[in-house]
1. Of all the accessible heavy-atom surface of the range 657-701, with the other protein chains kept in place and a 1.4 Å probe, what percent is carbon and sulfur?
2. May I ask you to compute the full-extension gain from Asp24 to Glu231, defined as 0.36 nm times their residue separation minus their alpha-carbon distance, rounded to one decimal in nm?
3. If you take the charge dipole of the range 559-687 about its Cα centre, with +1 on Lys and Arg Cβ and -1 on Asp and Glu Cβ, which of Val570, Ile655, Ser679 is farthest toward its positive end?
4. Going down the table (Lys355/Lys380; Lys453/Lys574; Lys182/Lys269; Lys324/Lys355; Lys548/Lys683; Lys683/Lys706), which pairs top 30 Å between alpha carbons?
5. Could you check the spin-label model distance between Asp426 and Lys158? Points 7 Å from the Cα along Cα→Cβ, value in nm.
6. What FRET efficiency comes out for the pair His100/Asp276, r = Cβ-Cβ distance, R0 = 41 Å, nearest 0.05?
7. I'd like the distance separating the alpha-carbon centroids of the range 291-339 and the range 187-218, in whole Å.
8. Taking H placed 1.01 Å from N in the peptide plane, check which residues at least 5 places from Gly588 or on another chain put their amide H under 5 Å from its amide H.
Amino acid sequence: MAGVAILLSWVICEAGGVTLQSVDFSSLPGDNLQLVLALSGPVAPPRVFHTENPARIALDLPGVVNGLEKKSIPVNTGGAQSVQAVEAAGRTRVVLNLTHMVPYTTQVEGNRVIVTLQSGTGRFMTNPPASVAAAPFSTSREARTRRIENIDFRRGEKGEGRLLISLSDAKSLVDIKEEGRKVVVRFTDTELPPRLARRLDVMDFATPVQSIEAEPDSTGARLNITPVSDEYDYSSYQTGKLLTVEFRPLTRAEKEEVKKKTFTYAGEKLTLNFQDIPVRSVLQILADFTNRNIVASDTVQGNVTLRLQDVPWDQALDLVLKSKGLGKREEGNIIRIAPLDEINKQEEDELKAQKVVEDLEPLRTEIIQINYTTAEDVKKILVGTTERTSESSSAPGIGGQMTATSATTLDVSQSILSGRGNVTVDPRTNQLIVKDTPRNIEKIRDLVRQVDKPVRQVLIESRIVIANNDFTRELGSRLSLNRATFVQTKRGKQFSQVVTDPVTGQLTQQPWQQNFSGDTATSGDALVDLASTAAAASGGSFGVTFLKVGEYLLDLELSAAQIEGRGEIVSTPKVVTADQTEAVIKQGQQIPYQTTVVAGGGAAPNITFKDAVLELKVTPHITPDDNILMDLAIKKDARGVPDTPQGPPIDKREIQTTAQVASGETVVLGGVFEGEQRSNTNKVPFLGDLPGIGFMFRRDTVLDTKRELLIFITPKILDQSVALR
């Protein structure tokens, strides 16, 4: 039967036979408000959505004709301002304008659509079943299942920024309001998945939004939206499970217009029409209307003429006071009215009396233990001590050298102590001894509790990797002509070689052996010496006598060498430091250098030392989103070659930078890659280019060298709870 009723209502709506006839509203117990939309026939459940800024509830009635005489119906009760009905595109949209967003329910009963606005806190509900219309708003199990599915950001056609939030439950309770310079979106009893708990920088979209930070809250989840400037206007609306918060850029003129329209008075409205009535009588009328206690000074005199129609009572009171030069001070449920000069004089007298009481109040001495910082630093905060840096010149004139000096000054205006209070430090026990009035000591204790907190610590690990890949190949030859005399023996051919003695310069004969395999060992001056220098060390050579003419031998020696080298140097300095505290760790050697110092009319040798060390210098700063912003200076110096008479050179590798890295992540700060490729040929002109035998008069060298420097950094925030245990 329910399906038949819905189908019948849909057919009637499509036929265009249903008309919106009237809108009635009535107050319910508990300051609730009920609005009843009466129609000429049954309708399908309307499509309902709401917006947070401005606070509105919209109901779309498809196939319904607007039969109301007025497009806007004033309500002005129960948080509702007015009801508007507009017909377009075959449907009628009913909009409820609210002073602020409140929980609501909608339901259909025959020819009526009932909207109930509730004054208490709760969850937004649309189209609840009849069996659960009076049930509690939510259960703990339902609250735990609500979560945020996704967070996205897009740019509109006119430069507006749209924050799109996908919810698992369309009935999630959302609260949007401005807090300082930020717009905060709170989701009650809604879970934020860890993958969405992050900060989005949307500055590049060129919208009024600078960043969006999603984080879990004690009551659910919250989104902190930071705008670029104050020149924006925002609104929000929800369609099903999609919540959209839109930020529209404003010009300065539009911003001023918005400020003018901003209404700061929220009192109950009233109508006043008086001619030349005493001001004291107007105050009496307002006191009776608001049921508040109003005390008027004897100096409040004069008459006023006013005609106010539907004006909040607090605005009417301000208008009357401004017209007569009066002021007000609220203390609980009492409003005190007097001329401004009199009020200012009374407040000044009260301050003077309070000062006298403080001067006469007995002093008390208390000892405050400092746990996580030094008592001397806390004392500087209490007494207002500041460091002042000044520059002074050592000599007059332009050429005088400027030197900076720092001095400690006492700024009494920044002191937390009273005029009679004082504080001393016990460095042995790290305690403060405070002598002051009891009231001021309590303020000092509150301040110390906020300042004396454990500082989070950071482990910073750096890795410096130096990798090299060297390749060298040489091919060469040596051609020599030697004179030899042969002697026949039983063991084979034995001959002697005539050489020149290097000491006496005379010709001598030296035995020379040639075996049957043809291997020779020659000595004498080379005709062409282009042998490989690398082969001399490695022994990669081959010699042969390939021509004998009379007493002379023509010898050829071929040499070849190939050298490959690969190396990797990894340095890993680590250091632990507190937040915003500089830390330095270094390891290495000091290299002596010889210099000359002129003293006493002569030059005397002097030895100085320079550091060639591995050094890590860092100052970390932990951001609110647990990223680490670091000022870094990393060095990897080493002793260079070759040595000079004054001392060896120093190979420097250094980087100075500022980087922001998430805790536990590794980032490459920088790197240097060096590559060298060289091919050399030494040859005898013309002969080295001959085909076939040119290799005898040529030496080829190929060199390929690669070096790479990489610097990594990995910061980690230490678990403070583990450190405390």
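1. Numbers: 1560 of 3030 Å².
For the range 657-701, the apolar C and S fraction of the accessible surface comes to 52 percent.
2. Values: separation 207, 0.36 × 207 = 74.52 nm, distance 3.98 nm.
70.5 nm is the gain from fully extending Asp24 to Glu231.
3. It is Ser679.
4. On the way: Lys355/Lys380 25 Å; Lys453/Lys574 25 Å; Lys182/Lys269 32 Å; Lys324/Lys355 33 Å; Lys548/Lys683 25 Å; Lys683/Lys706 28 Å.
Result: Lys182/Lys269; Lys324/Lys355 exceed 30 Å.
5. Here the modelled spin labels are 6.9 nm apart.
6. Values: r = 39 Å, r/R0 = 0.95.
Efficiency for this residue pair is about 0.60.
7. What the calculation gives is 46 Å, centre to centre.
8. Placed amide hydrogens put Leu614 under 5 Å from Gly588.
The values are calculated or read from the model by the stated rules, or taken from the named source; none is laboratory data. Since the model is a prediction, treat every value here as computed from it, not as a measurement. Don't worry about glycine lacking a Cβ; one is built from the backbone with ideal geometry, like all the others, and counts go over all protein chains shown. Quick note on the areas: whole protein, heavy atoms, side chains included, nothing else; ligands and nucleic acids left out. Shrake-Rupley method; radii C 1.70, N 1.55, O 1.52, S 1.80 Å.
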